[in-house]
Structure formats: structure tokens, C-alpha cells
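Asker: Here it is, the structure in full.
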Amino acid sequence: MRIARLTAAITLLIPALLTTSAQARSPACPGTGTDAAVDSPVEIDAATACPAALPRLTIAYAPVVDGTVTLQDREPLGGAPSEHDDIRFLPNGSASHVVFGGRTYTLLNVHYHGPAEHRFAGQDFAPLEAHLVHELAGPAQGYLVLSVMINARRDDWSEHDDLLREPPSTVGATKRVHGVSLAALVPPPGRRTFYRYTGSLTTPEYDKPVTWIVFRQPGSATPRHVKDVRELWDEHGNKRALQDNPIPPNIYRH
Ligand SMILES: [Zn+2]
């Protein structure tokens with residue numbers, strides 16, 4: 001009888017312990033958000049973001065890479081750059097990756113949207129937003145995108161300028177670039193914090209799930225390079241509008 005009561009007590013205790021452990025990793029957000037993949041982009045409101053210390057983000061990029069910059073042509077093909085086209089850096093090799101939540105994602109490309117797609121509540125859209133797109137290694141489908149808002153800043157040449165300067169102006173055109181420091185495209189370790197939510201790609205086929213990591217610290221490019229890229233498109237640019245999800249995503253602050 002006593003053993004039976006003890007067993008029952010342990011049975012009750014185990015789910016409680018598991019729940020506590022899961023909550024410690026990923027505290028529940030206030031409100032009615034979801035951790036399921038929503039449509040991206042979304043507005044990021046610091047006031048409703050949840051603190052989350054874990055998991056850690058490890059960025060393991062090759063120190064210096066060569067590659068090509070292309071005015072990526074996607075459906076509809078040809079003609080003037082469409083909203084789905086972008087300026088895109090394709091690094092040679094596949095040595096660069098990130099590790100997040102115990103999963104490894106390989107870097108596929110770096111591309112730009114102008115104006116930015118994500119927006120911080122209470123702020124204007126940044127002139128550009130850089131997306132460093134990574135794909136989950138292995139058979140399961142999944143992406144992780146590092147997002148950096150790019151502001152125009154005079155006299156402040158950055159690694160983004162190396163990718164954005166003299167961009168190809170006809171769809172499908174490419175040019176070679178050398179000696180790109182991928183790590184310099186994102187805020188440096190120790191000085192970066194970010195917001196995270198689960199969403200989708202922002203171009204067709206809008207694949208899910210995507211772990212979005214949007215850095216709070218912006219990057220920069222010279223006003224001339226921002227202008228050169230933006231002028232490839234009309235005033236609407238190559239951004240997808242903010243998506244109106246029936247249930248908003250839980251956004252975690254790291
Ligand atoms: Zn993108």
C-alpha cells in the first residue's frame with residue numbers, strides 16, 4: 001500500500017520535473033503567442049518579448065571566403081528586378097555554419113532586402129536588411145536566418161559595403177568578390193543580443209520552419225551603396241510586407 005502511494009507520488013512528480021526543465025530552457029511568453037511557425041516578416045515589440053538565456057548561438061564561419069555577388073533572378077524571370085529578386089552573395093565552399101539549440105545549420109547565402117522586412121515597434125523600417133540564410137544539416141527541413149538591419153552611415157565602410165558596392169544591375173548578372181569576412185557581417189560576439197521567433201522564408205515558396213534571429217544591433221553601409229542598391233527597384237523595393245498572423249509569434253529576447 002505504502003509502495004503504491006510512493007509510486008503514484010513519483011509518477012506525479014516526473015511530469016512536473018520535466019515541465020520545470022522545459023520552462024527553464026524556454027520560458028512561456030505572456031499573452032497568447034505561438035511557438036509554431038508563423039508567416040514572416042513580423043513586427044518585433046521589445047515590450048512583449050520574453051527573456052530567454054538559452055539556447056546559445058555559436059557562429060562558426062570560415063575566416064575569409066571568396067564567392068560571387070549576383071542580382072538573383074527569380075519568378076517572374078527577366079525584365080526589371082522584381083520584388084522576389086535580390087542582391088545575393090554566394091560563398092564558395094560549405095565550411096561556414098551556425099549551431100543553435102543543438103542543431104547545425106550550413107550557410108547558403110547572404111542577401112539583402114530594401115527597405116527592411118522586419119521592423120522594431122516604434123521605429124521606421126531600416127533602409128536595408130541583410131539575411132544570412134542557413135539550412136539545417138541532415139534530412140529534416142528547416143532554416144535559420146540571421147538578420148541584421150543596415151543603416152546608411154557616412155564614412156563608415158563595413159563588410160556589407162564590399163558586397164553591396166557596384167552591384168550587378170541586370171537580373172542574373174554576377175561578379176566575383178574576394179576576401180569576404182563573413183563574421184564581420186554580424187555584430188561581434190559579446191556585443192550582440194537578438195530576438196528570436198519561428199517563422200517562414202519571405203520569398204516563394206515561403207518555406208517553414210525558419211528560426212529567425214534578428215540582431216538588435218544594426219550594421220551599416222555607406223549612403224552611396226544603400227542608394228545604388230535601392231535604385232535597382234522602384235520605391236516598393238524587394239520586401240515582403242509585414243504579415244498579419246491570426247496568432248502572433250512568441251518572440252524571445254536573448
Ligand atoms: Zn530574405
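Only the coordinates and a few stated rules stand behind these numbers; no lab work does. Fair warning: this is a prediction, and the values are worked out from it, not measured in the lab. Cβ coordinates were reconstructed from backbone atoms using ideal geometry, including for glycine residues, and neighbour counts include every protein chain displayed.
Asker: Run the reach check for residue 208 against aspartates and glutamates, Cα to Cα strictly under 19 Å, same-chain hits fewer than 8 apart removed. What comes back?
Answerer: 35, 39, 43, 117, 135, 244
Asker: Which trypsin sites (Lys or Arg not before Pro) from the stretch 147-254 combine a DSSP loop assignment with at most 14 other Cβ atoms within 10 Å?
Answerer: On the way: sites: 153, 154, 165, 175, 176, 191, 192, 196, 216, 224, 227, 230, 239, 240, 253; in loops: 153, 154, 165, 191, 192, 216, 239, 240.
Within the stretch 147-254, the qualifying trypsin sites (Lys or Arg not before Pro) (loop, at most 14 other Cβ atoms within 10 Å) are 154, 191.
Asker: Another question, then. For the stretch 127-254, calculate the relative contact order in percent as a whole number, restricting contacts to Cα pairs under 8 Å that are 6 or more residues apart. Working shown, then result.
Answerer: Working: 199 pairs, mean separation 41.6, N = 128.
It comes to 33 percent, rounded to a whole number.
Asker: Classify the stretch 31-253: rounded, prolate or oblate, from the alpha-carbon gyration tensor (a ≥ b ≥ c, eigenvalue square roots; a/c under 1.5 rounded; otherwise prolate if a/b is larger than b/c)? Show your work: numbers first, answer last.
Answerer: Values: a/c = 1.43, a/b = 1.27, b/c = 1.12.
Since a/c stays below 1.5, the shape of the stretch 31-253 is classed as rounded.
Asker: So for the chain, taking the charge dipole from beta-carbon charges (+1 Lys/Arg, -1 Asp/Glu), which of 215, 112, 41 sits furthest toward the positive end?
Answerer: 215
Asker: Obtain the nm distance between the two label points defined at residue 175 and residue 46 by a simple spin-label model: each point lies 7 Å from its Cα along the Cα-to-C-beta direction.
Answerer: 3.7
Asker: Quick one: order 104, 203 by neighbouring beta-carbon count within 10 Å, fewest to most. Spell out each step's value before the answer.
Answerer: Values: 104 15, 203 19.
In increasing order of surrounding Cβ atoms, one gets 104, 203.
Asker: On to the next question. Is there a quick way to get the dipole size of the stretch 31-253? I mean about its Cα centre, with the Cβ of Lys and Arg at +1 and of Asp and Glu at -1; what is the value in debye to the nearest 20?
Answerer: Values: 21 positive and 27 negative charges, 162 e Å.
Dipole size: approximately 780 debye.
Asker: Using a simple spin-label model with points 7 Å from Cα along the Cα→Cβ vector, what separation in nm is obtained for residue 184 and residue 103?
Answerer: 3.2
Asker: Taking the simple approach of a point 7 Å from Cα along Cα-to-Cβ for both residue 82 and residue 216, what is their distance in nm?
Answerer: Taking the simple label geometry, residue 82 and residue 216 are separated by 3.9 nm.
Asker: Any lysines with Cα under 29 Å of the residue 175 Cα? List them, leaving off those in the same chain fewer than 8 positions away.
Answerer: Partners within reach: 227, 239.
Asker: Sticking with this one: Expected output is a single nm value to one decimal: the length gained when fully extending between residue 54 and residue 141, i.e. 0.36 nm times separation in residues minus the C-alpha distance. What is it? It would help to have the intermediate numbers written out before the result.
Answerer: Numbers: separation 87, 0.36 × 87 = 31.32 nm, distance 2.24 nm.
Contour length minus the Cα-Cα distance gives 29.1 nm.
Asker: Can you classify the stretch 154-254 as rounded, prolate or oblate using the Cα gyration tensor, where a ≥ b ≥ c are the square roots of its eigenvalues, rounded means a/c under 1.5, and otherwise it's prolate if a/b beats b/c and oblate if not?
Answerer: Values: a/c = 2.01, a/b = 1.30, b/c = 1.55.
Because a/c hits 1.5 or more and a/b fails to exceed b/c, the stretch 154-254 counts as oblate.
Asker: Below 8 Å, C-alpha to C-alpha, sequence gap of six or more: please give me the relative contact order for the chain in percent.
Answerer: Numbers: 575 pairs, mean separation 71.4, N = 254.
Relative contact order for the chain comes out at 28 percent.
Asker: Rounded to the nearest 500, what is the 222 nm mean residue ellipticity of the chain from helices alone, with -39500 (n - 2.57) per DSSP H run of 4+ residues and division by all residues? Provide the component values of the computation, followed by the final result.
Answerer: On the way: 3 runs with 38 residues, N = 254.
Helices in the chain give a 222 nm mean residue ellipticity of -4500 deg cm²/dmol.
Asker: Please give the FRET efficiency for residue 165 paired with residue 36, using the beta carbon to beta carbon distance and R0 = 41 Å, rounded to the nearest 0.05. Could the numbers behind the result be given before it?
Answerer: Numbers: r = 40 Å, r/R0 = 0.98.
Once the sixth-power term is evaluated, E becomes 0.55.
Asker: A further question on this structure: Expressed in nm to one decimal, what extension gain is obtained for the pair residue 235 and residue 153 from 0.36 nm per residue of sequence separation less their Cα-Cα distance? Before the final figure, lay out each step's value.
Answerer: Values: separation 82, 0.36 × 82 = 29.52 nm, distance 2.04 nm.
Contour length minus the Cα-Cα distance gives 27.5 nm.
Asker: Let me ask you something else. Excluding residue 68 itself, what net charge comes from residues whose Cβ is under 10 Å from its Cβ, given Lys and Arg +1 and Asp and Glu -1?
Answerer: Working: positive: 88, 175, 176; negative: 66.
Net local charge, residue 68 excluded: +2.
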